[in-house]
Each structure stands twice: as C-alpha cells, then as structure tokens.
1. Taking the dipole about the Cα centre of the chain, with the C-beta of Lys and Arg at +1 and of Asp and Glu at -1, give me whichever of Leu143, Pro186, Leu88 is farthest to the positive side.
2. Can you tell me the relative contact order of the chain? Whole percent, Cα pairs under 8 Å, sequence separation 6 or more.
3. Counting pairs of alpha carbon atoms under 8 Å apart in space and at least six apart in sequence, what relative contact order in percent does segment 33-76 give?
4. Sort out for me the Cα centre separation of segment 102-163 from segment 71-93, rounded to whole Å.
5. So, with a 1.4 angstrom probe, what is the percent of accessible area on segment 110-163 that is carbon and sulfur?
6. Please calculate how many Å² of accessible area segment 14-198 carries per residue, with a 1.4 Å probe and no DNA, RNA or ligand atoms counted.
7. What does the charge dipole of segment 14-198 about its Cα centre add up to, to the nearest 20 debye, if the Cβ of each Lys and Arg holds +1 and the Cβ of each Asp and Glu holds -1?
8. From the C-alpha coordinates alone, can you work out the Kirkwood hydrodynamic radius of segment 8-70, in Å?
Amino acid sequence: MSDQIELIFAADTKLVAGVDEVGRGPLAGPVVAAAVILDPEQPIEGLADSKKLSEKRREILAEEIREKALAWALGRAEVAEIDEINILQASLLAMRRAIEQLDPLPEHALIDGNKCPTLLPCSAESIVKGDSKVASISAASILAKVSRDHEMVEMDRIYPGYGLAGHKGYPSKKHLQALEELGITPIHRRSYAPVRRLLES
C-alpha cells in the first residue's frame, strides 16, 4: 500500500506506527484510536480501510493484526472530554494516547487525516485517506473500529431501546427517534446538535 505515496521518514527508520481513529460522527460513546507497528516479516493480506470491509472480515483481520504486529495499542477520549475540548481535539488526544501505549515506542508515526497530535514521543506525518494507502494505518483503523463496535454492543445492553448495537451511536433515524422518546443517556455527547437541542427544549 505505502508505495502509492511518498513518505517522509528516513529509510533506516525501523519502528513506524500507523494511527487512526473511529467515532467522530456518532452522537454517543467515546472516540477510539489505535496505533499499530506491523512486522515486515509477517505481512497481513487484505488490509484496507475498515469502512470498506465487512464486519466478519474486520473481526478476522483484527485477530490476525493482534497476533502478528510488532506492537499495537488502543487509546480513547471519553464523552466528557469530547464535550469539553471538541471532537477534533478529542480525536487527536485519543491518537496520542494510543501511540504512548505502544511498547516499543515508534520512531515515527503515520497519522490518518490532515492533522497530527501534539506532544508525541516520536516524529509524525499526516496522510489524507491514509487508511486506504498505508497498511499500518489500515490495520489501526480495523482495530479501532472493532474495539469501538464491541463497546457499543455492550452499551446497547446497558441502554436498551436506542439501537446502539446496530448504528453504533451514529445519528440514524431510529437513534434520533429513541432520543426523543427515551431521553439522553450518560453516554450521549451533549455538544452535538441533536442532543443539545433536546437539552435546550
């Protein structure tokens, strides 16, 4: 994948992490990021942007990534943090937390999107649509989505009636209708317009 773009880190850099997040758009739940350092001796076939893979394929690949990667880690920002610092800053915070959890720490990080987190323990570059261009970012997108999806299925058991297991917190018609009928839960993002409007009404 990475041969499609020109990366800026030095050729002798060994530990390069791909980083991505999931959960910017939902009205509920955390934003979750993952960082992955792939092992060049153990390539993983079929890595792609997690949004383009079936749920079953994501689950299979996530298990393979966890088994074969040199290192992988998750980071997150909670609903209260999203509401306090905004979703962009919360996404960057989650990505920084994921990178900081890697063992070993990377020498360089490839960040999906057009912004890099600050205060990283390594150099970094942002790559627009990196999850479809760079294998390690694809791997990170898969781990982040699988982790967050599992959490939202669990949240559906705790807060039944909202359909969280299906839409994963995104503003579907069913979700918006449930908010009107059932009210706002502790995992709803109060800074997001559909939730804020209910609070103000």
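The values are calculated or read from the model by the stated rules, or taken from the named source; none is laboratory data. This is a predicted model, so every value here is computed, not measured. Positions of Cβ are generated from backbone atoms using ideal geometry, with glycine treated the same way; all protein chains shown enter the neighbour counts. The accessibility values were calculated without ligands, DNA or RNA, using every heavy atom of the protein model including side chains. Shrake-Rupley method; radii C 1.70, N 1.55, O 1.52, S 1.80 Å.
1. So the residue furthest toward the plus end is Pro186.
2. Contact order relative to length: 29 percent.
3. This gives 70 percent for segment 33-76.
4. Using only Cα atoms, the two centres lie 10 Å from each other.
5. 54 percent
6. Spelled out: the 1.4 Å probe surface of segment 14-198, per residue, equals 46 Å².
7. With Lys and Arg at +1 and Asp and Glu at -1, about 680 debye.
8. For segment 8-70, the Kirkwood estimate is 13.6 Å.
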